[in-house]
Amino acid sequence: EAGAPDDIIGWIDEPSLELSNAVMHHPAINLILATGGPGMVKAAYSSGKPAIGVGAGNTPAVIDEFADIKRAVASILMSKTFDNGVVCASEQSAVVVDAVYDAVRDRFAHHGGYILSAREADAVRKVLLTDGHLNADIVGQPAHAIAAMAGLNVPLATKVLIAEVTDIDEAEPFAHEKL
């Protein structure tokens, strides 16, 4: 009905690790979005294919050139601002392709997203984690309060803080699970 190709999305009715592994290693699969716990995410990362692991408090949204940018940004902002993002299914990161990056960035900026400078992002990084784990003091806090904890002053109407990062490894605090 929406115009997508037939069979673009698939699923397993009765999941098992064996079936999931078969799907992940199928030659027609070129990207894995893995949910279902640490074991499933580890299996996806070990598959040899590009994978995005989703854990509690680490839900990504992918925005590509086929996305309805207005709807995608509005949906992410709605998800993140409901109960200040404490629902584990609310998006914690957006992966945006180059073709629409500027349009997505501008849309966020004009609808309550505060784009952090490199210096500001470094300040927020310092309050995200405590001893390598989520800093409980930031959970459920509005964006302006988290910014204040980092020593930043942002408009009170700020809905989300946005840090532009390119690394998604252990060394990047923005890549860790957050609520």
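We did not get these values from a lab; they are worked out from the coordinates using the rules stated. In this text, all values refer to a predicted model and were calculated from it rather than measured experimentally. Backbone-built Cβ (ideal geometry, glycine too); neighbour counts: all protein chains shown.
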Fully extended, how many nm does the chain gain between His133 and Ile115 (0.36 nm per residue separation, minus their Cα-Cα distance)?
4.1 nm
Restricting to DSSP loop positions (anything but H, G, I, E, B) with no more than 12 other Cβ atoms inside 10 Å of their own Cβ, which GluC sites (Glu not before Pro) remain in the stretch 36-131?
Glu65
Whole-number D in µm²/s for the stretch 1-49 (Stokes-Einstein; Kirkwood sum over Cα pairs; 10 °C, 1.306 mPa s)
133 µm²/s
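Out of all DSSP beta bridges in the chain, what portion is antiparallel? Express it as a percent rounded to 5.
Expressed as a percentage, antiparallel bridges in the chain total about 15.
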Full extension from Glu1 to Leu33: what is 0.36 nm times the residue separation minus their Cα-Cα distance, to one decimal in nm?
9.2 nm
In cubic angstrom, how much convex hull volume per residue do the alpha carbon atoms of the chain span?
142 Å³
Å³ per residue enclosed by the Cα convex hull of the stretch 66-157
113 Å³
Could you give the distance between the Cα centres of the stretch 1-42 and the stretch 75-100, to the whole Å?
22 Å
Principal-axis tilt of helix 118-128 within the chain, Cα atoms, nearest 10 degrees:
80 degrees
Can you tell me the orientation of helix 101-110 relative to the chain, as the angle in degrees between its alpha-carbon axis and the longest Cα principal axis, to the nearest 10?
40 degrees
